Amino acid sequence: MKRLAVTALATGFAVVLVEAMLNLGPAAIDLRIPVRENLAESGVSHAVTAVLLNYRGYDTLLEVAVLLLALVAVLTVTDEADVAFPHMEHPVLQTLARLATPLMTVVAVYLLWAGAFRPGGAFQAGSVLAAAAVLLHLVGLLPGWRSPRLPLRLGLVAGLLTFLAVATAMLARGALLEYPPSMAGGLILLIESVLTVSLALILAGLFLLLSRDEGPS
Amino acid sequence: MTGGLLFALTGVALFASGVAGVVLIDNLLRRILAFNLMGSGAFLVLVGLAQRNEVADPVPQAMVLTGIVVAVAATALALAMTRKYHALTGRLELTGDDND
């Protein structure tokens, strides 16, 4: 009975939404024009990167804080159980992972650099690096992480701290995160580089800190 | 019908099935999957509607990029809590869910 009612409600909801989308008028605010007109001052030539790190830098700053918060929350609910080593130590898989990891690192650096003028950027680069770490872990070359020590903690928060430092340094100019056009490109590259490392560590940590043998409950 | 509108309509279908899944499914892992399906649907709607016109609007695209990363973090947190719950109780369903 419940199943039927929920399915009917969800279908009705979808029909109403589809109906609304098929009759959608033009957008009340067109943001494409201001984005394009100010692109020259943003320090990068790719619009999405400009939105992420310049026009709407707040979003990205808070997003990094959310990621860090999620990692801290994950740390509080995991036990001090034994760190797991997956039992998949096949030589072919390990060789493949050893070959793939340097390539993934190169791809990550390329993505970071390409973010200035084409799709790419810190988040994509960070997730590729984190995927490389997860791959190494799954074939048994990298153990799961215990609770992070000082160097790892510094690496995890470096992105947020750098971003915050740049933001407060810009406060002297009147507004948080308002870069001067002449320095914007360099500042964005600095933030993105540190963010890549921190995001890779955070995303890899979300997996590697959870990868433990279950302790006695 | 443009490609962007097709994306948005697919997103609506995904979102609606995700909502139904979150309400109907008791197993926590599958419920997290359904929740992710909802998120993916919302992202598809944003990206799809952003490219209704010839030039895509970069602002929704940047928002979706932000949203994807936050969704990954939320999923990891949900999985960590599910795992702890499973370790403590040996169950993967919340109590009180079975009064269908």
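Here are the numbers for the structure shown:
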| read-out | value |
| --- | --- |
| Per-selection metrics, the protein assembly as shown (Cα): Rg and Dmax in Å | 21.8, 64 |
| Difference of contour (0.36 nm per residue) and Cα-Cα distance, A:M183 to A:V6 | 58.3 nm |
| Model label zone, B:A56; criterion: amide N under 19 Å from point 7 Å along Cα-to-beta-carbon; scope the range A:51-78 | A:51-56 |
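Read-outs throughout are calculated quantities, based only on the coordinates presented, and are distinct from any laboratory measurement. Keep in mind it's a predicted model, so treat the numbers as computed, not measured. Reconstructed Cβ throughout: ideal geometry from the backbone, glycine too, with neighbour counts over all protein chains shown.
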